[in-house]
Every structure is written in structure tokens, then in C-alpha cells.
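Some notes on the structure that comes next.
The values are calculated or read from the model by the stated rules, or taken from the named source; none is laboratory data. Fair warning: this is a prediction, and the values are worked out from it, not measured in the lab. Here Cβ is always computed from backbone atoms with ideal geometry, including for glycine, and neighbour counts include all displayed protein chains. Calculation scope for accessible area: heavy atoms of the full protein, side chains included, ligands and nucleic acids excluded. Shrake-Rupley method; radii C 1.70, N 1.55, O 1.52, S 1.80 Å.
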Number of protein chains: 2
Amino acid sequence: MSTASNATGLQLRSLIRKSGELELSLIEVPIPEPGPEEVVVRIDATPINPSDLGLLLGPADVKTATSSGSGTGIKVTAKVPQTALPFLATRLDQSMTVGNEGAGTVIRTGSSDKARALEGKTVSMVGGSMYAQYRLLRVQDCQPLPPGTTAAEGASWFVNPLTALGMTETMKLEGHKALVHTAAASNLGQMLNKICLADGIGLVNIVRNAQQASLLRGIGARHVVDSSAPSFLDDLTQALVDTGATIAFDAIGGGKLASQILTCMEIAINKTATTYNRYGSSVHKQVYLYGNLDLGPTELARNYGTAWGVGGWLLTPFLQKIGRAGQTPLRERVVNNLKTTFASHYTKVVSLPEVLDVANIAAYTKRATGEKFLINPQKK
Amino acid sequence: MSTASNATGLQLRSLIRKSGELELSLIEVPIPEPGPEEVVVRIDATPINPSDLGLLLGPADVKTATSSGSGTGIKVTAKVPQTALPFLATRLDQSMTVGNEGAGTVIRTGSSDKARALEGKTVSMVGGSMYAQYRLLRVQDCQPLPPGTTAAEGASWFVNPLTALGMTETMKLEGHKALVHTAAASNLGQMLNKICLADGIGLVNIVRNAQQASLLRGIGARHVVDSSAPSFLDDLTQALVDTGATIAFDAIGGGKLASQILTCMEIAINKTATTYNRYGSSVHKQVYLYGNLDLGPTELARNYGTAWGVGGWLLTPFLQKIGRAGQTPLRERVVNNLKTTFASHYTKVVSLPEVLDVANIAAYTKRATGEKFLINPQKK
């Protein structure tokens, strides 16, 4: 390729100092030289997912964010509460790269046949350090996109799609036959509906208002309950009876919703039970919390016997559990359906310096359903 | 035996009516005739465990309890809140027998050699319907007690001892190396300490006052932290560092304690971690709630990453998981150590009519650490 080997590219860095100060900046790093089985990808699109914010901002209070400098010299600082620092011991004073997934064009390849076969191809990627202009990657970690699929379409190929597929796969692995999803009108929730409709899986969608309910019904969702309706708990119980769902994935985290789901599951199970069990039904009811839209405490009423669990759920341990062999059919299903089932929609496309704009930070940390930023690192 | 086959014995019954009224009473039932592989045991001792109260009283408000009649004709009624009735659908209007475990003397046997070998023996039993004067039992469900062990010593042989052993066994099965226990000065907690000392297992005892702490230290407990001390969270974290405990069994249920345990586990793990994980440590942290000393909601702060779980824990599903073959060595360990590791202490011995005494109900439902009633069904 024509790119000189002493050329550099921008890379976003996040640093939390022992003093409790977060600093975001852009640095110039050399474009690396690929080994025989490696390629260099020019990153054209990389999304800001909620799952990126933990590393990008940590527990910093974004209301304290201020910026200095301009262009690629922009720096943002914000305060991290002292109480949060003990949880960050292993990252303090280390400049961290950010960005879980992205897509772009292979601009330089290693000497192997497999590497050279990728030259000029549009590929999707996962593995961190995507908030940058260039990324060195092993050949086996590139996922070539079908002809006609753009980098912008392939940028969000992993985190949301594999999370949605991870939910239906976890449901199956843990012996449940249908599932519940909250904040269900999100990008992820819409994907999950399309997957469940395609695969014939019962899905109970919990949304927070009537607009979100009609959005989901508009894409074919069969069981939609509105947590703002006075009849919410009865509606939810009926949907649980109809589907037999005994596992839920909750994006909200805080408040009473996870517990209400367990309560309604227990009532739904007892409606069809034939024998009394003094400790509640023996059917295991599970809620996995995978998001934190409500940062308040989770309140569990425990009026659902003893056969229940609440826990964290994260994509990475699930992927480790199923292994690369289990992932391959899921990865291929995604890239072949990026314009339909796994399509993402963005509210704004920003450059790398614009990621560090204080007004943009306020927008992409709002955790509002439907709000989603895409970074184009090549944008000036 | 000399007992006439038309003789009867008292049996305690619990009935919750669709109207929301709980009724406790004693009825006379015929002493059953044993089949070839069965025996009849005269029950001499059966404890009132917290795990019996669910079936005995359900969610009735014991403050509304009133009694009528006297002697064996005594009846108690109390109100069950209407909101609780949907959870009880499968037991409404059914007269239920009560009592998980007990011990007594074999007074009549079936014709098989195995049955006749038990004649006159003192045996421990589990399986319900123990709040009665007589119990029909299969030979293989009798656990003969060693010579010199009384029925009163063998009455609480199963629920507490197997629960304590179930905790250390669950710890091992789920890949943890040490454990935490709350309300740790209880009968059960003292047993657990003796087991852990005998087996060399690290145990962090959480107690609620200094008296309980010295009680446990007096029986050799090595890690005791007092949740009423200002230094509680630091003390707990240090004990978790010292033991490496990543699983807890919590008898309290409500409030913040389960969450505080997870928070301190995460801090303890991070103190020895070498790499930063943006989602918190990848070490799974588990709290099982097995009791309800605090009936309020469980509040989870979720400041411990995503590798955590909170759930109900109950002896029966654990026993089903390990099967009878897995249980046999545990059962034998218990009956051979009923005067030492698995000794129980009672605050009061009552007759069957006295179980229905309103003042006694108030006492044995107080859920106070150390308060424990033993029923002697033969007591007049």
C-alpha cells in the first residue's frame, strides 16, 4: 500500500489518575506494520455503546466535565468520586484505549495468502482500541462483510447483535422456553424481537410508554406490556402465562422491576400448578441484569419462593462459555443480516475530536432509549 | 406389639380457607398398619424450625391469632392477608399435616426381616407429618441412632445439620474455597463453625452484636465480624481477603447486608488483582438467601461489576441435586455426631396442644437467634 510506514493515526485515550481526575485525549500513534498473519484496517465507523462508557468515562461525574484545547488537541477532564476509586485500583494512572467494535477497510496486509486475500476488503472487527484511525488485527479476527454492506452498516455488528443472540442462547442453555426483555424498544430490543419472530421464540416486551409499545407492535411484536399502565402487573402476568417465560433480561437494573417480573412469574406458574409447595413453586425463575438505566438499588421483594436468581449478565463470559466454535454461526448470522434483523440506527455521526465535545458527552451518556452515536474516525 | 390396631393418635393440621382464614387444630387419626417393608414410629421429639413455619402458619398475621377450646380440642384462627392468597392457590381449603423432622421409637413393624430388625429402636426421621403422635415410615427412611443417643438429641438431625453441610458442599460444588455466613451465632451457625473447623474450611461469621461475636469465638471461630461495629465493612473486607471467600449464605434476606457482602468481596478481589477489567472482576461472587429474618426488600447496590448472583437457596433442591447416594455419608456423619458438632439446644419443650397456645406461637415466630422449641407429642 502507499501509506508510508512512518505515518501516524489518531487514537483516543482515557486516563483516571489516583487523584480522582479523569482525562480524555487524542494521541498520534504510529500505524503498525502487520506481521505475516495480520492486517491494518482503516477504521471508518465505530459506535458508542453503553458498554463502551464504562471504560471511556468510568464512574466520572460527567456534569463536572470541562474541555481545553481544540481540534485534535482537545482534552476533557472530569471528577471521579473518591468512593469509586477503590474499585478502579487496577486501571489508575494507566492510559487506556477505548472502543469495543467497529468496521473499516483493510489498507495494509501481511505476507501470508490469507492476509493478502483481505486487501481492500470491508471488514467488521471486535476487541477494543477501535476509537482510533487504524487498528492492527489478526486475520482470523476480521469478519469480511458481504458485498454491498458498508462499514457504517457493519460497525455495530457485535455488541448488540451478539448480546441479543446471547439472550436467546442463554434461555435455551438454561432450560427456559420463552423470555422477558425490558427497555424493549431499544435498538437491542428491536433486534431481539426480529430474532424471536424468526426463530419462533416467545418474547414478553416490557416498555415504559405507549409510544414504545406501538413502535414494537409496528415491527410485529406479539407480547408488549407497558409498565406505565395501571394494569401493568396483570398484563405482565397474562403475557407470562401465554408464553411460559421464566427468564428475563433487564436493562434497567435499579428499582422494583426485576422483582415485579419474578413475582408475576411465580403467580403465572402457580396458575397452572396442581400441587402446593410450601416454599413456592419449584420452577427456577431467573432475572439477569445486563444494564444500568436506573443506577439506584435493585429492590427484591422475595415473595416468589426460593427457586429464583438475580445476577449480572455480560456478553464476554457468555462468549467464553460457548467458545469460538459456538460463536461462529452467530457471527455469520449477523453479518448476513446487517440490513435487516441486525440493522442499527444512529442519531449522530461524530469525528474523534467531537467525541470529546462536552455537549456530545452529555448527549451520549443520557442513556435515552434510541439515542446512539457513531464515530467516523476519518471525519475531519 | 400390644397397641391395638384400632387405636388412634393426635395429628396437627393447618388449613387456610379461600376466605383468608388460617385454622390450626388437632385431630385423632388411626395408627396405621405397617406393610412388610414399613414400621410405625411413636414420635417422642420433633422441633419447630423456621422452615416449618411456612406450612404451619403460611403468611398469616400471628398478631391476629385467637384460640378457642382447650386440651386436645384447642383451635387457633388467624387472618391471612388477601394479597397473599394468590400465592397459596394450591393449598387453599386443604387440611395439611406439618413437621419436617423428628425422632422416636419403633413400636410396630412390618413382616420383613429388615423391618423387624428395627423393633424397639430409636430412629430419626424426615419427610413431613411429624407434628403427630405416630408416623408410618418405610424402613429405608428410618435412620437408626447410635446406642445412647436419645430421641430428643436426634429430633433436629436433618434440617439444620444437612443445611449446614449443604452450605459447605454447595461451596465446593460451585468452585469456591471459603464461605460467609450471616446471623452466624444461630444454632445452624454454630454447627457450621464446627464443620468448618473440622474440615479446614475458611468461614467468615457475620453477627449482629458483641455478645454473639464472643459466643462464636468461644467455640473456636476464627473470623467473626460484627455488623453493628463502625468498622464493619473494613473488618468484613479484611476477613474476605484472609479467607478468599466468594460465596455467602444469608439468613437475613432483607436490607443491605447481601449487597454489602458482594461489595466487600469485589474490593477484596481487586486488592489482589493485577489487571483492570472495565466490568469489574471476573470472579463470580454469589450470595444465597436461605432465610427471612428481615422480611423487608433486599437492596442491591450493584457496585460489584457483573460477575455476581443473588438467589434463593433451599435444602430440598440441593438434596435432589446430590441424590440419595450423595446424602448417605452426610446423614451418617450427622447421627454419629449428635452430641457434639450437630447438637441442638431448645428453649422450651411443649406438647401438641401447647403448639397451638397463642403465647407460644408469639414466641416461636419471633425469629430470635437461639430461640427454639421442641415438641414432645407424647407429653400430656
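Here are a few things to note about the model shown:
- Condition check for residue B:150: surrounded by fewer than 18 Cβ atoms within 10 Å (Cβ to Cβ) and among the β-branched types (Val, Ile, Thr): yes
- The residue that is nearest to residue A:62 (Cα to Cα), counting only those in the range A:79-106 that are surrounded by fewer than 21 Cβ atoms within 10 Å (Cβ to Cβ) and in contact with an Asp or Glu (Cβ under 8 Å, 6 or more places away or on another chain), is A:79.
- Verdict on residue B:205 being touching a Gly at 6+ places or on another chain (Cβ under 7 Å) and either over 20 Å from residue B:288 (Cα atoms) or polar (S, T, N, Q) (or both): yes
- Criterion violated by residue B:275 - all others in (1) surrounded by fewer than 20 Cβ atoms within 10 Å (Cβ to Cβ); (2) at pLDDT 95 or above; (3) more than 19 Å from residue B:237 (Cα to Cα); (4) facing another protein chain (nearest Cβ under 7 Å) satisfied: (2)
- Scanning the range A:304-324 for residues that are more than 7 Å from chain B (Cβ to nearest Cβ) and closer than 19 Å to residue B:317 by Cβ turns up just one, A:304.
- Cβ-Cβ under 9 Å pairs, at least 6 apart or on other chains, the range B:254-274 side in a loop (DSSP other than H, G, I, E, B), far side polar (S, T, N, Q): B:256/B:298; B:273/A:90; B:273/B:281; B:274/A:90
- Filtering A:208, A:222 for residues that are away from every other protein chain (no Cβ under 14 Å), over 23 Å from the mean Cα position of the chain (by Cα) and open to solvent by 40 Å² or more (accessible area, probe 1.4 Å) leaves a single hit, A:222.
- Counted residues, the range A:244-271 - those being surrounded by fewer than 20 Cβ atoms within 10 Å (Cβ to Cβ), more than 10 Å from every other protein chain (Cβ to nearest Cβ) and over 26 Å from the mean Cα position of the chain (by Cα): 1
- Residue B:272 being more than 19 Å from residue B:208 (Cβ to Cβ) and among the hydroxyl-bearing types (Ser, Thr, Tyr): yes
Each row is one residue, and each column tells you yes or no for (1) among the β-branched types (Val, Ile, Thr); (2) open to solvent by 10 Å² or more (accessible area, probe 1.4 Å); (3) not assigned by TED's automatic domain parsing to the domain that holds residue A:32.
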residue: A:130; (1), (2), (3): no, no, no
residue: A:137; (1), (2), (3): no, no, no
residue: A:144; (1), (2), (3): no, yes, no
residue: A:173; (1), (2), (3): no, yes, yes
residue: A:176; (1), (2), (3): no, yes, yes
residue: A:179; (1), (2), (3): no, no, yes
residue: A:182; (1), (2), (3): yes, no, yes
residue: A:214; (1), (2), (3): no, yes, yes
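Residue-wise test of (1) farther than 22 Å from residue B:361 by Cα; (2) of a type in the set (D, E, K, R); (3) touching a Cys at 6+ places or on another chain (Cβ under 9 Å).
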{"residue": "B:11", "(1), (2), (3)": "no, no, no"}
{"residue": "B:17", "(1), (2), (3)": "no, yes, no"}
{"residue": "B:26", "(1), (2), (3)": "no, no, no"}
{"residue": "B:49", "(1), (2), (3)": "no, no, no"}
{"residue": "B:75", "(1), (2), (3)": "no, yes, no"}
{"residue": "B:86", "(1), (2), (3)": "yes, no, no"}
{"residue": "B:89", "(1), (2), (3)": "yes, no, no"}
{"residue": "B:95", "(1), (2), (3)": "no, no, no"}
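- The residues listed here are B:193, B:205, B:187; of these, the one that is more than 25 Å from residue B:296 (Cβ to Cβ) and in contact with a helix residue (DSSP H, G or I) (Cβ under 7 Å, 6 or more places away or on another chain) is B:193.
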